[in-house]
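Here is the structure we will look at.
Derivation of every value follows stated rules applied to the coordinates shown; laboratory data play no part. Since the structure is predicted, the reported quantities are computational estimates derived from the model, not experimental observations. Because the Cβ atoms are built from the backbone with ideal geometry, glycine has one as well, and the counts that use them run over all protein chains shown.
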Amino acid sequence: MSSTRFAPSGRLYGWLRPPADKSISHRAALIAAMGEEEVLIDGYLDAADTRSTLQAVEALGAQTEAVTRDVWMAMGLPDGWDGPPLDLHGTPDLSVRVRGVGLRKVGPAEIDVGNAGTLLRLLPGWLAGQEDGRWTLDGDDSIRRRPVDRIAVPLREMGADLSAREDRLPPLEVHGAPLQGITYEMPIASAQVKSCVLLAGLLAEGGTRVIEPSPSRDHTERMLMAAGATVRREGNSVAIRPVERLSPGPLVVPADISSAAFFIVASLLVPDSDVVLAGVGVNPTRTGLLTILERMGASVEQFMELNEGGEPIATLRVRPAPLQATEVGGAEIPLAIDELPLVALAACFAEGTTTIRDAEELRRKESDRIETVTAALRALGGHVEPTEDGMVIEGTGGLRGGTIDSHGDHRIAMLGAVAGLASKEGVEVVGMDAAAVSYPGFESDLRSLLAS
């Protein structure tokens, strides 16, 4: 297990394109595989999780070809620009050609999802409604602790034939069966569960409707509509009708705001920083972190805005700002679920006491992030108390530093790196190699901003 020290740094400065969006990359590969023609996905994330999805669709009969290349946006500076000179850094993403297997022509397979929780929870929706066949989904030690009961419940209501260890943990076995459309009211907002049910609805008899307690990320709906599916959104409900085939066109994956989030928070906390993050997806179902940070006093400038395949994209400029405590909960939790550990880190540097509630979903991630974030920040001198569904963080204006364990969780590893740059004494991150699951080039990209 690797151990890396991140010392207190000078300012972060310069331009960076974060890696492609992981959530959209997973969905792009799956939906492209459901078509019958070749689809070009530009800007596909090159990481362990998303490689698992390419391998999964290959196991199901699709063909893929990946080529590494720079997929930078055309850049130009706004009039009167006073920020860092345009010198774009970042790790090249992939362009992937996928020749689909067709919506109803999937062959039986044993599928290794690796550490990809999104793949584990979305793919069964497509498989459950196949006419026949058997599929087993399994993964690493971490994935074997990720529950699948929340997708099993609605899929079984639709007629799916599923079995799992202890009826809730991988390996998950799926046997093809005829499905009936349902109306499913979700107890907890989850884009993964919603997406799974919508994919099953493509093959079910009659209409399928999902009602969420609050909106979650909507990439699946946007991409299915673009591929020819009949999708209707009304308030917190999404309805879908079965289709004979999907016809996805070329897809462009924006930079991942969940990866950009580490540089956003680092730039807010490290004095004199001035960082520009190019081509970031700013889908309103994903920008909860920006809303929370702005409420805490941050100023994140958005410019060079455009739209690619229904996904809004912008370039972000971030500079330090004094932060105030806030309350985080309710409908904004699904819009920032992956970034809440960074909210807790920022709260350690804020004035006042920050409360995060309604975030029990954090306990079902790669680690129990309520416990791992609490342990990490306490080890660095933070004043954090865990609750059943969140955390209470007393801001002290900063962190001392120390040693943390990533517990194999990529987001905890990268949080430790950011904390090290902003701390008084630096942070040793045990298990830093976990970052490669979603962001293999994280340390290199971080160094490029420090070198500037």
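Of the beta bridges DSSP finds with both residues in the chain, what % are antiparallel, to the nearest 5?
Approximately 70 percent, going by the DSSP bridge assignments.
I need the GluC sites (Glu not before Pro) found in region 125-226, filtered to DSSP loop residues with at most 15 other beta carbons within 10 Å of theirs.
Passing sites in region 125-226 are Glu131, Glu166.
Mind running the shape call on region 1-123? Use the C-alpha gyration tensor, a ≥ b ≥ c as the square roots of the eigenvalues: rounded below 1.5 for a/c, prolate if a/b tops b/c, oblate otherwise.
In terms of gyration-tensor shape, oblate.
Lys/Arg Cβ at +1, Asp/Glu Cβ at -1, dipole of region 19-123 taken about the Cα centre: which of Gly83, Leu45, Leu120 is farthest positive-ward?
Leu120
Counting other Cβ atoms within 10 Å, which GluC sites (Glu not before Pro) in region 346-403 have at most 15 and lie in a DSSP loop?
Glu388
Quick check: Cα centre of region 410-427 to Cα centre of region 278-317, how many Å?
Between the Cα centres of region 410-427 and region 278-317 lies a distance of 23 Å.
Quick one: helix 48-59 against the long Cα principal axis of the chain, what's the angle to the nearest 10°, folded into 0 to 90?
10 degrees
Relative to a virtual label point 7 Å from the Cα of Asp79 in the Cα→beta-carbon direction, which members of region 289-319 show backbone nitrogen distances below 17 Å?
303-305
On a 0 to 90° scale, report how tilted helix 369-379 is relative to the longest principal axis of the chain, with both axes built from alpha carbons and the result rounded to the nearest 10.
Here the helix axis deviates by roughly 20 degrees.
Within region 81-180, report the chymotrypsin sites (Phe, Trp or Tyr not before Pro) that DSSP leaves as loop and that have at most 15 other Cβ atoms within 10 Å.
Loop-located and lightly packed - Trp81.
From the square roots a ≥ b ≥ c of the eigenvalues of the alpha-carbon gyration tensor of region 180-259, which class results: rounded (a/c under 1.5), prolate (a/b over b/c), or oblate?
Cα axes put region 180-259 in the oblate bin.
If I take every Cα pair under 8 Å that is 6 or more residues apart in region 22-250, average their sequence separation and divide by the length, what percent do I get for the relative contact order?
20 percent
Quick one: dipole size for region 22-250, taken about the Cα centre, charges +1 on Lys/Arg Cβ and -1 on Asp/Glu Cβ, in debye to the nearest 20.
Roughly 520 debye for region 22-250.
Using +1 at the Cβ of each Lys and Arg and -1 at the Cβ of each Asp and Glu in the chain, identify which of Gly426, Phe6, Ser406 lies farthest towards the dipole's positive end.
Working it through, the farthest residue towards the positive pole turns out to be Ser406.
Among His26, Thr315, Thr287, whose Cα projects farthest towards the positive end of the dipole of the chain, with charges put on the beta-carbon of Lys, Arg (+1) and Asp, Glu (-1)?
His26
Where the only charges are on Cβ atoms (+1 Lys, Arg; -1 Asp, Glu), what is the dipole of the chain about its Cα centre, to the nearest 20 debye?
180 debye
Normalised by the number of residues in the chain, what is the relative contact order in percent for Cα pairs under 8 Å and 6+ residues apart?
Here the relative contact order equals 19 percent.
Report, to the nearest 10°, how far helix 340-349 tilts away from the longest principal axis of the Cα atoms in the chain, using its own Cα long axis and a range of 0 to 90°.
Tilt relative to the chain: about 10 degrees.
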